[in-house]
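The structure appears below as structure tokens.
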Amino acid sequence: MSSARTLPIWTLDRISDGFRPGLPPSADVVVVGAGVAGLTTACRLAQDGRDVCVVDREGIGQGESSRTTAHLASALDDRFYHLAHWHGAEGARRAAESHAAAIDWIERLAMSADDDCGFRRVPGYLFSYDGKTDRLEKELGAARDAGLEVSFEAGIPQLPNLGPALRFENQARIDMGRYLRILAETCRASGVKFCLDEIAEATGGDSPTVVSAAGTRLPAAAVVIATDVPFHERFAVHTKQAAYRTYVVAGPVDEGALPDALIWDDGDPYHYIRLLDTADGKWVIVGGEDHKTGQDHDPKAFVRLQEWAREKLPGVHSFTHAWSGQIIEPADGLAFIGADAGGEENLYVITGDSGNGITHGTLGGLLIADLIAGRDNAWATLYDPKRKLLRASGDWIRENTNVALQYRDWVESGDIARPEELAPGEGAVVRHGMHRIAVYRKGDGDFAAFSAQCPHLGCAVRWSPQEKSWDCPCHGSRFDAQTGAVLNGPANAPLQPSAWPLEDRGPD
Ligand SMILES: Cc1cc2nc3c(=O)[nH]c(=O)nc-3n(C[C@H](O)[C@H](O)[C@H](O)COP(=O)(O)OP(=O)(O)OC[C@H]3O[C@@H](n4cnc5c(N)ncnc54)[C@H](O)[C@@H]3O)c2cc1C
Ligand code: FES
């Protein structure tokens with residue numbers, strides 16, 4: 001069971017072969033999560049000679065790392081004029097430098113393998129969604145100040161219709177399925193063990209320990225939570241970031257029809273474009289249309305993306321893939337990487353990926369390995385999960401006000417009056433007395449029903465028609481429609497089953 005029902009383009013066949021079921025009796029360092037962040041951390045720790053156990057409830061790359069579009073960018077998507085305001089000029093420079101170092105690290109690993117994972121250095125182009133150039137000019141100065149090699153261009157080659165753009169040198173693209181495989185093989189070759197289990201608790205201090213959902217304990221010298229969203233604490237980091245749902249379509253395109261570049265606009269929500277080499281020729285990947293998880297579900301998101309792509313990109317007609325995934329937006333644009341925000345020692349976290357999670361996850365692995373080894377790292381303060389969001393307080397207040405407003409669902413009526421109104425394969429929240437029940441109608445007409453109360457902090461979940469999941473509008477936890485199992489944290493327990501409407505429903 002991956003984190004969503006739609007299928008991304010990357011191939012992960014048999015990548016998780018060799019996982020050991022359950023937890024071993026002991027490990028030096030436990031890394032929870034086998035996405036790009038967890039695997040990079042494990043690789044670096046193993047290179048330092050540590051005995052590392054990676055635990056994942058699904059296997060390798062079953063979270064957002066296989067739903068990504070894998071733009072490898074030091075030209076970060078939150079604008080350098082914002083980053084300089086939030087983190088100061090030096091912070092913006094360190095941010096650019098750390099993402100460039102992550103791309104270099106990925107390149108070295110890909111080039112040292114038999115398979116180069118389709119790694120290609122390409123330019124990046126940022127264009128204005130409404131044709132106005134003032135924001136581009138502002139970003140040009142801020143990006144230069146941050147140390148990026150960037151220029152103002154009258155247009156993007158082959159795409160003059162997109163208008164003027166900033167051109168960033170030394171960005172890159174990669175085939176994420178092949179890269180995850182190389183990362184996993186490198187970990188295995190360095191002695192990393194892989195275990196299949198769900199972790200329900202993690203603590204630090206003098207005796208760091210993880211506890212599986214079945215109650216098995218695994219003590220270690222250090223624990224790293226690399227689960228995209230941490231599940232082990234309720235507040236410390238979750239009030240500083242917000243979950244967004246984002247959409248992607250992909251399909252074949254004639255060789256040479258589009259420039260080989262990363263291209264994105266500055267709209268809100270924004271759109272982006274990149275190419276991919278496949279055995280069947282060139283493909284184009286187009287993404288965007290983000291909205292807050294559990295809010296504003298729009299069944300037309302994929303259609304709108306396709307229309308946008310056909311309007312903007314000559315030679316792009318048909319799409320064969322469509323999928324969605326989860327982005328975690330930190331209020332001040334940079335990930336939270338380092339010692340746990342709750343202050344526990346020997347407990348580390350990587351979260352807040354933003355749209356730059358492949359490079360955030362990679363630099364996160366390098367940074368955490370340094371912290372565990374006691375080495376100085378110039379990026380540690382910038383990414384510290386305990387940092388205050390003083391200069392980003394406007395965004396922080398806006399996101400938390402939005403969360404508070406979601407609790408009003410508890411006093412509102414249900415989406416439908418009676419479960420029988422549901423077609424097979426659909427779900428809705430139904431009010432039953434004082435309770436809100438999340439009801440899904442299965443293919444055979446039976447119901448799967450759960451309390452709509454999110455186990456994290458009690459918001460009411462909502463139905464996602466695209467992914468056929470229950471999504472929490474507060475901090476982005478998601479749950480399987482049929483079983484109530486967690487698909488995305490921060491919830492660390494499933495939805496509670498409800499006897500109604502299976503029992504005591506009265507006559508139809
Ligand atoms: C559509 C889309 C496009 C994107 N495009 C880009 C892009 O172009 N460039 C870029 O840099 N980033 C991009 N991102 C972001 C990037 O893909 C993610 O930030 C990154 O993959 C997150 O990696 P991760 O290792 O932190 O988490 P994940 O890959 O989600 O891995 C977390 C793992 O933890 C496991 N897990 C969770 N909870 C538990 C538990 N309790 N017990 C055991 N295991 C658990 C999960 O099974 C999962 O395997 C995109 C994301 C999406 C969704
Ligand atoms: S994810 Fe926090 S209340 Fe649901």
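The values are calculated or read from the model by the stated rules, or taken from the named source; none is laboratory data. As the structure is a computational prediction, the values presented were derived from the model and not from experiment. All Cβ positions, even for glycine, are placed from backbone atoms using ideal geometry, and neighbour counts span all protein chains on display. Side chains included, ligands, DNA and RNA excluded: accessible areas come from the protein's heavy atoms. Shrake-Rupley method; radii C 1.70, N 1.55, O 1.52, S 1.80 Å.
Values as computed for the structure displayed
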quantity: Highest to lowest packing among 251-257, 290-296, scored as the average C-beta count within 10 Å; calculated: 290-296, 251-257
quantity: Rg/Rh for the chain, where both radii come from Cα atoms and Rh is the Kirkwood radius; calculated: 0.96
quantity: Cα centre as origin, Lys/Arg/Asp/Glu Cβ charges: the chain dipole, Debye; calculated: 320 debye
quantity: Protection proxy ranking of 144-152, 44-52 - average other beta-carbon atoms within 10 Å, highest first; calculated: 44-52, 144-152
quantity: Backbone HN-Hα couplings from phi across the stretch 112-122 [Karplus 6.51/-1.76/1.60, Hz, Gly and Pro as x]; calculated: 7, 8, 4, 9, 7, 6, x, 5, 9, 6, 9
quantity: Surrounding net charge for Thr69, when Lys and Arg each add one and Asp and Glu each subtract one, Cβ distance under 10 Å; calculated: +3
quantity: Inter-label distance, nm, simple model (7 Å from Cα along the C-beta direction), Ala404/Tyr129; calculated: 2.7 nm
quantity: Neighbourhood net charge (9 Å Cβ-Cβ; Lys/Arg +1, Asp/Glu -1) for Glu139; calculated: +1
quantity: Net dipole in debye of the stretch 315-431 [+1 Lys, Arg Cβ; -1 Asp, Glu Cβ; about Cα centre; nearest 20]; calculated: 280 debye
quantity: Net charge dipole size for the stretch 412-488 [Lys, Arg +1 and Asp, Glu -1 on Cβ; Debye, nearest 20]; calculated: 160 debye
quantity: Spread of Cα-to-Cα distances over 10 Å intervals beginning at zero, given as percent, for the stretch 294-334; calculated: 21, 39, 30, 10
quantity: The chain: Cys lacking any partner C-beta under 4.7 angstrom; calculated: Cys43, Cys53, Cys117, Cys187, Cys195
quantity: Percent breakdown of C-alpha pair distances by 5 Å bin, ordered from the shortest bin, for the stretch 412-488; calculated: 3, 18, 30, 27, 15, 6, 0
quantity: Cα-based Rg and Dmax for the stretch 13-71, where Dmax is the largest Cα-Cα distance (Å); calculated: 12.0, 39
quantity: Residues whose placed amide H lies under 5 Å from that of Lys282, excluding near-sequence neighbours; calculated: Val253, Glu255
quantity: Hull volume in cubic angstrom per residue (convex hull over the Cα atoms of the stretch 34-165); calculated: 158 Å³
quantity: Rel. contact order, % - alpha carbon contacts under 8 angstrom, at least six apart, the stretch 412-488; calculated: 20 percent
quantity: Cα-Cα pairs of the stretch 136-213 separated by more than 22 Å (percent); calculated: 62 percent
quantity: Carbon + sulfur, % of accessible area of the stretch 70-189 - ligands and nucleic acids excluded, 1.4 Å; calculated: 48 percent
quantity: Bins of 5 Å from zero: percent of alpha-carbon pairs in the stretch 151-278; calculated: 2, 7, 11, 13, 13, 13, 11, 10, 9, 6, 4, 2, 0
quantity: Spin-label model distance (nm) - Glu90 vs Lys282, 7 Å beyond Cα toward Cβ; calculated: 4.5 nm
quantity: Positive minus negative residues near Asp395 (Lys, Arg vs Asp, Glu; Cβ under 11 Å); calculated: -1
quantity: Computed over the chain: relative contact order in percent, which uses C-alpha pairs under 8 Å that are six or more apart; calculated: 17 percent
quantity: Under 5 Å, built H, 5+ apart or other chain: amide partners of Asp265; calculated: Phe127, His271
quantity: Rounded to whole Hz, the Karplus (6.51, -1.76, 1.60) HN-Hα couplings of the stretch 159-168, x for glycine and proline; calculated: 10, x, 5, 7, x, x, 8, 8, 10, 9
quantity: The stretch 255-262 - phi-based ³J(HN,Hα) in whole Hz, Karplus 6.51/-1.76/1.60, Gly and Pro as x; calculated: 3, x, 5, 10, x, 7, 7, 8
